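The structure appears right after this line, and notes come after that.
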Amino acid sequence: GPAVEFEGVSFRYRESGRNALHEVSFGVPARGLTAIVGPSGAGKSTLFRLVERFYEPDSGRVLLYGADAASMPLHRVRRLTGHVEQDHPLMRGTVRDNLVYACPSAGEDDIAEALRLVRLDRAVERLPERLDTELGDGGRGLSGGERQRLAVARALLSRPSIVLLDEASANLDADTEAELRGVVASISRERAVVTIAHRLSTVMEADRIVVMEDGRVRAVGTHRDLMRRD
Ligand code: ADP
Ligand code: ADP
């Protein structure tokens, strides 16, 4: 069955009184890339927060592998999901140090596997932030694309089955974006990957696209289905 199912989910932020979601229903298959597309304020990030159970729906249900997230232990919900945080700061030290710091319970195997998946396996001893005082071979800093992939590796450390990726906040050049897309396509072969994007044009390769506007689902389909509709 699907990794995530939103069943008639409505949600209002108490703090602002904003109705962020209105009876949202759609499914995220257990394998493949699902893209949520829509303008700022459409409710995309709110969907992520409900999947990770930072909030619970006012009505409707969020199902994770068929079980209501609201009745699952929180640690189980968090173990199922990995969130790629774009603006997570890098610390001094090696790529390995950064991963251990992000997830102290991760073992060498988890680190090796996460780096392999993002094609950074040979970078484990590199220093993401090269300092001028650190000369020599080990001192090469990471490029923007490598940092991006390190952010993905960080999210993969706990071996989540559902990966949430916020592309909308990333400011990537064309090469970096292509690298990241390659990695995302390959990791989505074995797990559910959900990505947020502002524009349809950046998620051509998604297996399923969910178009959101004003807290509502406007359309669901492949890129081709959605182009035909316009
Ligand atoms: P994005 O388009 O990437 O979602 P926004 O500018 O809409 O960016 O939001 C930036 C941040 O501000 C988000 O973390 C969002 O949750 C938060 N935010 C947006 N609207 C409000 C609000 N009315 N009250 C409090 N926080 C908000
Ligand atoms: P998107 O990710 O599509 O930009 P959001 O899910 O961030 O949209 O926001 C949906 C609606 O909820 C917007 O009206 C936004 O202002 C509001 N909102 C988002 N985050 C918060 C928050 N933390 N507190 C209050 N209102 C918020």
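The values are calculated or read from the model by the stated rules, or taken from the named source; none is laboratory data. Just so it is clear, the model here is predicted, and its values are computed rather than measured. Glycine also receives a Cβ, built like all others from the backbone with ideal geometry; neighbour counts cover every protein chain displayed. Side chains included, ligands, DNA and RNA excluded: accessible areas come from the protein's heavy atoms. Shrake-Rupley method; radii C 1.70, N 1.55, O 1.52, S 1.80 Å.
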I need every pair where a residue in the range 28-44 that is of a type outside the set (Ser, Thr, Tyr) has its Cβ under 7 Å from the Cβ of a residue that is within 6 Å of ligand 2 (Cβ to nearest atom) and open to solvent by less than 10 Å² (accessible area, probe 1.4 Å), sequence separation at least 6 or different chains. Lys44/Gly38
All but one of (1) under 24 Å from Gly41 (Cα atoms); (2) over 17 Å from the mean Cα position of the chain (by Cα); (3) part of a helix (DSSP H, G or I) hold for Val217; which doesn't? (3)
When the range 47-90 is checked residue by residue, the ones that are aliphatic (A, V, I, L, M) and within 13 Å of ligand 2 (Cβ to nearest atom) are Leu47, Leu50, Val51
How many residues are of a type in the set (A, V, I, L, M), in contact (Cβ under 8 Å) with a residue 60 or more places away in the chain and within 16 Å of ligand 1 (Cβ to nearest atom) if we restrict to the range 48-66? 1
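Okay, residues lined up against (1) at pLDDT below 85; (2) of a type in the set (A, V, I, L, M, F, W, C):
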{"site": "Asn171", "(1), (2)": "yes, no"}
{"site": "Ala178", "(1), (2)": "yes, yes"}
{"site": "Ala185", "(1), (2)": "no, yes"}
{"site": "Val193", "(1), (2)": "no, yes"}
{"site": "Ala197", "(1), (2)": "no, yes"}
{"site": "Met204", "(1), (2)": "no, yes"}
{"site": "Val210", "(1), (2)": "no, yes"}
{"site": "Gly221", "(1), (2)": "no, no"}
{"site": "Asp230", "(1), (2)": "yes, no"}
Have a look at Arg228, Arg191 and point out the one that is open to solvent by 50 Å² or more (accessible area, probe 1.4 Å) and more than 16 Å from ligand 1 (Cβ to nearest atom). Arg228
Within the range 197-210, residues being within 18 Å of Glu5 (Cβ to Cβ), assigned to a strand (DSSP E or B) and touching a Lys or Arg at 6+ places or on another chain (Cβ under 9 Å) number 1
Being over 21 Å from Ser201 (Cβ atoms), within 12 Å of ligand 2 (Cβ to nearest atom) and open to solvent by less than 60 Å² (accessible area, probe 1.4 Å) is the filter here; which residues of the range 11-46 pass it? Phe11, Tyr13, Gly17, Ala20, Leu21, His22, Val24, Thr46
Within the range 19-38, the residues that are of a type in the set (A, V, I, L, M, F, W, C) and farther than 19 Å from Gly8 by Cβ are Ala30, Leu33, Ala35, Val37
So how many residues does the range 141-157 have that are farther than 15 Å from Gly93 by Cα and open to solvent by less than 20 Å² (accessible area, probe 1.4 Å)? 7
Return a yes/no flag: does the range 23-32 have any residue that is within 20 Å of Ser71 (Cβ to Cβ) and within 13 Å of ligand 1 (Cβ to nearest atom). no
